[in-house]
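The values are calculated or read from the model by the stated rules, or taken from the named source; none is laboratory data. Computed from a predicted structure; not experimentally measured. Virtual Cβ from ideal backbone geometry, glycine too; neighbours counted across all protein chains shown.
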Ligand SMILES: Cc1ncc(COP(=O)(O)O)c(C=O)c1O
């Protein structure tokens, strides 16, 4: 095929102006990469090509120069030619590989649930309509007024000093965490906190104990880091490892949600907390204490939630972690890790080599939000609202699924777990409920390979108490209709 025919085929129809130059260079590049314009072929002079295709000569010159600069064409006294390029590899690429797109580890990860957050009963979502955005906007404005170039650069590892101080005193006052601000590391979300723990505290192939059932994102972080997983069943008092397991399957990492097990809601008993702490050896083990939603405490009047394990033994190899996703809003992406004193230098250095910090302005705004007492007020107000919603949800579940139906959790947080051993598979219920605009989660999905209790995890953060009975009735109807 002659060059003219190839070019004619390439060049028609072309848009006008600058886009025409861009398209000419793009078409020539595509033809070179596909081998249709072979190495060494001489291209027409710019004047001729411009005349043939009714475009400005400058446009052709521009396209040629761009391709010369990128290495697709060469130019000498003899004219402009197609460069000699190693094209075999790019030609051999299959168009759409079916296997091996991602790593094998990536294929083991459980699904995320992003789109459902605003639907009623989506677990783990705070009431985003109740977020005090005017007060928050004032803090942000104040933070922006004080901004300097330093706040726009990468942030120092660990986060803004002001926020580290505020978080340390907030956690001391509300969760009995015993730490200095230097032990607090601010990270962009609880997910990153877990990812950092998995990658910095253990090596690929090390064993991690996970609660069964378990928070899927924690499991994903551990699997993506190449850790081997040992699931340990949870009962009414939290994770219950047999003493022999410490010898037969010694863990490098243990991941726990002691204040409100996710998803069953059990609270790790004091005896078990002490047993874990007594068995941990620095340098041998790490325990990750994920305290994701215990700020919303619904324990009976007069009783307080058990304080953090970290405070029981501040020098134990425990990393305490929490998030502002439930207290404020998940899009904020601010969470924290509290590291034992003796691990601060090494952890800080490793964290800095893995992630760059940012969000200095938001972090300063958040420090002010905490220091002014606005966060504590918001949490106190919302804890009351959530307590009512939980009570209404519990009553509605009993009335539509039977007075004896098993419901667990509720000492803290934003969700309840409903057990439906005789109902159709929970995955089918989830699908039927989604058809009704309800976003419950299948309990079986929290177990490895989906083979666990049949039931539902229901969040009440976004469900208005007045609407809960009708929503539960709709859910019950969806279950009966399967
Ligand atoms: C058990 C548990 N831990 C940690 C988190 C961390 O949340 P985020 O990544 O939004 O900070 C969540 C959020 O849903 C959670 O459910």
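Give just the number: which of (1) away from the ligand (no atom under 16 Å from the Cβ); (2) over 21 Å from residue 181 (Cα atoms); (3) within 19 Å of the chain's Cα centre (by Cα) does residue 331 not satisfy?
Just one mismatch for residue 331, condition (1).
Name the pairs: first residue in segment 202-230 and free of Cβ contacts under 8 Å to residues at least 24 places away in the same chain, second residue part of a helix (DSSP H, G or I) and more than 16 Å from the ligand (Cβ to nearest atom), Cβ to Cβ under 9 Å, at least 6 apart or on different chains?
Pairs found: 230/245.
Name every residue in segment 448-469 that is over 18 Å from residue 129 (Cβ atoms) and at pLDDT 95 or above, in order of residue number.
Correct list: 453, 454, 455, 456, 457, 458, 469.
Based on what the data block shows, is residue 209 at pLDDT 95 or above, away from the ligand (no atom under 15 Å from the Cβ) and crowded, with 24+ Cβ neighbours inside 10 Å?
Considered against the rule, which asks whether it is at pLDDT 95 or above, away from the ligand (no atom under 15 Å from the Cβ) and crowded, with 24+ Cβ neighbours inside 10 Å, residue 209 comes out as yes.
Taking interchain pairs and intrachain pairs at least six residues apart, which have beta carbon atoms under 6 angstrom, with the first residue in segment 248-268 and free of Cβ contacts under 8 Å to residues at least 60 places away in the same chain and in the same structural domain as residue 238 (by TED's automatic domain parsing) and the second part of a loop (DSSP other than H, G, I, E, B) and away from the ligand (no atom under 13 Å from the Cβ)?
Listed by first residue and then by second, the contacts come to 252/202; 252/206; 253/202; 258/268.
Determine which single condition residue 280 fails, assuming it passes every other condition in (1) within 22 Å of residue 171 (Cβ to Cβ); (2) at pLDDT 95 or above; (3) within 16 Å of the ligand (Cβ to nearest atom).
That leaves (3) as the condition not met.
Would you point out which residue out of 226, 238 is crowded, with 18+ Cβ neighbours inside 10 Å, at positive phi and assigned by TED's automatic domain parsing to the domain that holds residue 277?
The match here is 238.
Scan segment 259-274 for residues that are in a helix (DSSP H, G or I) and touching a strand residue (DSSP E or B) at 6+ places or on another chain (Cβ under 9 Å) and jot them down.
272, 273 - these are the residues of segment 259-274 that are in a helix (DSSP H, G or I) and touching a strand residue (DSSP E or B) at 6+ places or on another chain (Cβ under 9 Å).
Only helices (runs of 4 or more DSSP H) wholly contained in segment 119-194 count here; list those with 3 or more residues that are closer than 16 Å to residue 332 by Cα, touching a residue at least 24 places away in the same chain (Cβ under 8 Å) and more than 15 Å from the ligand (Cβ to nearest atom).
Because the criterion is at least 3 residues that are closer than 16 Å to residue 332 by Cα, touching a residue at least 24 places away in the same chain (Cβ under 8 Å) and more than 15 Å from the ligand (Cβ to nearest atom), the helices (runs of 4 or more DSSP H) in segment 119-194 that meet it are 133-145.
Step by step: first the residues of segment 215-255, then only those that are in a strand (DSSP E or B) and out of contact with any strand residue (DSSP E or B) (no Cβ under 6 Å at 6 or more places or on another chain), then the one that is nearest to the ligand (Cβ to nearest atom). Which residue is that?
Filtering first and then ranking leaves 238.
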